[in-house]
1. Among TYR74, LEU85, TYR200, which residue has its Cα positioned farthest towards the positive end of the charge dipole of the chain, with +1 placed on the Cβ of Lys and Arg, -1 on the Cβ of Asp and Glu, and the dipole taken about the Cα centre?
2. Give me the Å³ per residue figure for the convex hull around the C-alpha atoms of segment 183-228.
3. In terms of the ratio Rg/(2.2 N^0.38 Å) built on C-alpha atoms, what value belongs to segment 22-80?
4. Could you compute Rg(Cα) / (2.2 N^0.38 Å) for segment 132-239, with N its residue count?
5. So what is log10(I(q)/I(0)) for segment 142-185 at q = 0.24, 0.27, 0.28 1/Å, when the Debye sum runs over its Cα atoms only?
6. What distance in nm separates the simple spin-label points at ASP218 and LEU184, each placed 7 Å from Cα in the Cβ direction?
7. Lysines near LYS93 by alpha-carbon distance under 27 Å, same-chain residues fewer than 8 away left out - which ones?
8. Determine the calculated [θ] at 222 nm for the chain from helices alone, applying -39500 (n - 2.57) to every DSSP H run no shorter than 4 residues and normalising by the residue count; nearest 500 deg cm²/dmol.
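Throughout, read-outs are computed from the coordinates displayed, never taken from laboratory work. If you're wondering where the values come from, they're calculated on a predicted model, not measured in any experiment. Because the Cβ atoms are built from the backbone with ideal geometry, glycine has one as well, and the counts that use them run over all protein chains shown.
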Amino acid sequence: MFDSCLENLRQSISSRGGSLLDVPNEFAECSSNKGNGIIKSWLWDVPGFRRWRITSLDAGETLQVLNSVAYPDYSNDQPLLGVDLLWFGRSNKMVLVMDFQPLIQDKEYFDRYFLGLKSLKSLYPEMHNEKTMHFFDPHKYFSPWLLFYKGGVSSNQDFWNDPFNSFLDSYWNLSEDSNRKCSLLNSEKVRSLQIEYDKYSAENDPAHGLFSNYFGKDWSDRFLKEFLFPGDPITNRII
Ligand code: BLA
């Protein structure tokens with residue numbers, strides 16, 4: 001379902017000097033005991049970023065997921081890239097979320113980093129269907145301009161490919177711009193906010209139940225804490 005988004009993401013990272021890092025075997029690929037799903041993850045070393053992870057889950061006609069988070073270097077206070085694309089086959093439902101995830105909720109910060117994302121609002125009005133969030137606080141690590149769609153599935157793949165590609169281009173533009181500017185927040189502050197992001201996400205992300213179903217509770221606990229949201233890379237260096 002999201003193969004073309006994944007391919008585009010990989011290519012765009014490679015073309016900007018990114019290279020693949022090793023991921024421990026148990027997280028690089030895991031098949032469901034029930035034989036009905038496979039999850040694969042990649043870590044990229046990308047200039048300007050301290051961590052960039054990608055995960056895809058393929059459970060055939062039941063579930064497809066593409067998820068990615070990019071953490072900029074601590075010297076750069078720009079938003080994180082956050083992508084969560086889900087397709088649920090049984091209910092034929094899609095949840096598409098893409099955001100420049102802000103470290104702080106502040107006007108000066110928004111003015112500085114959100115021009116690009118704001119301009120996507122008029123291009124993709126269907127991605128602003130203003131659904132209520134049940135798991136996350138929309139004012140914590142999400143922006144007012146996030147692309148968010150929850151609803152039925154279009155038969156046209158451009159429905160999700162186009163916004164994804166525009167979103168990605170816009171995030172690369174932001175990264176090029178902000179590397180030329182001085183950050184508003186100092187590195188120590190950026191570090192603590194990024195770590196808090198992981199902590200907050202590990203506690204609130206609805207992925208855990210879904211993973212436990214396919215891959216068991218123990219693996220899911222470790223995957224969330226050690227790979228998806230590992231927190232402090234110095235005191236908690238696992239990967
Ligand atoms: C929602 N994400 C969800 C849901 C699931 C996942 C099961 C609930 C879908 C529903 O409403 O029925 C699943 N989350 C995952 C999976 C992974 C994951 C499989 O992290 C990991 C591989 N979520 C993110 C990131 C963003 C994000 C980076 O991981 C940022 C864009 C957003 N996911 C996000 C939001 C919702 C969601 C905003 C709706 C949550 C809500 O209703 O509060």
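1. TYR200
2. 74 Å³
3. Normalised by 2.2 N^0.38 Å, the Cα Rg of segment 22-80 equals 1.37.
4. 1.31
5. -0.96, -1.06, -1.08
6. Output for this residue pair reads 4.6 nm.
7. Straight-distance partners of LYS93: LYS34, LYS40, LYS118, LYS121, LYS131, LYS140, LYS150, LYS217.
8. -11000 deg cm²/dmol
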